[in-house]
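For reference, the structure discussed in these notes is given below.
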Amino acid sequence: MYELKVEGMSCNHCVNAVTRSVQEVDAAAKVDIDLSQQTVRVASSASLAAIQSAVSEAGYPVLSSSAS
């Protein structure tokens, strides 16, 4: 499980864009986004670096991340 602090998410379009970007890396990834906390939790077999890169390339800067 990864948790990312992501800047710039404010609406359902943002949720869909971030979810889509993660699922392009790992189609089976489970993505949970909390807009009020600006956090993205991802259950995926892909690497944290790949997930961070996908989210950033979608236009949402990753401020911090952790794996648990």
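Here is how the numbers come out for the structure above:
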quantity: Among the candidates ALA58, ALA54, ALA28, residue that is over 10 Å from the mean Cα position of the chain (by Cα) and not aromatic (Phe, Trp, Tyr); calculated: ALA28
quantity: Residues located in segment 53-66, provided they are crowded, with 17+ Cβ neighbours inside 10 Å and more than 14 Å from CYS14 (Cα to Cα); calculated: SER65
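Yes/no matrix, rows are residues, columns are (1) β-branched (Val, Ile, Thr); (2) touching a strand residue (DSSP E or B) at 6+ places or on another chain (Cβ under 8 Å); (3) surrounded by 14 or more Cβ atoms within 10 Å (Cβ to Cβ); (4) modelled with pLDDT of 95 or more:
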{"site": "CYS11", "(1), (2), (3), (4)": "no, no, no, yes"}
{"site": "ALA17", "(1), (2), (3), (4)": "no, no, yes, yes"}
{"site": "VAL22", "(1), (2), (3), (4)": "yes, yes, yes, yes"}
{"site": "VAL25", "(1), (2), (3), (4)": "yes, no, yes, yes"}
{"site": "ALA29", "(1), (2), (3), (4)": "no, yes, yes, yes"}
{"site": "ILE33", "(1), (2), (3), (4)": "yes, yes, yes, yes"}
{"site": "SER36", "(1), (2), (3), (4)": "no, no, no, yes"}
{"site": "SER44", "(1), (2), (3), (4)": "no, yes, yes, yes"}
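The values are calculated or read from the model by the stated rules, or taken from the named source; none is laboratory data. Remember, it's a predicted structure, so these values are computed and weren't measured experimentally. Backbone-built Cβ (ideal geometry, glycine too); neighbour counts: all protein chains shown.
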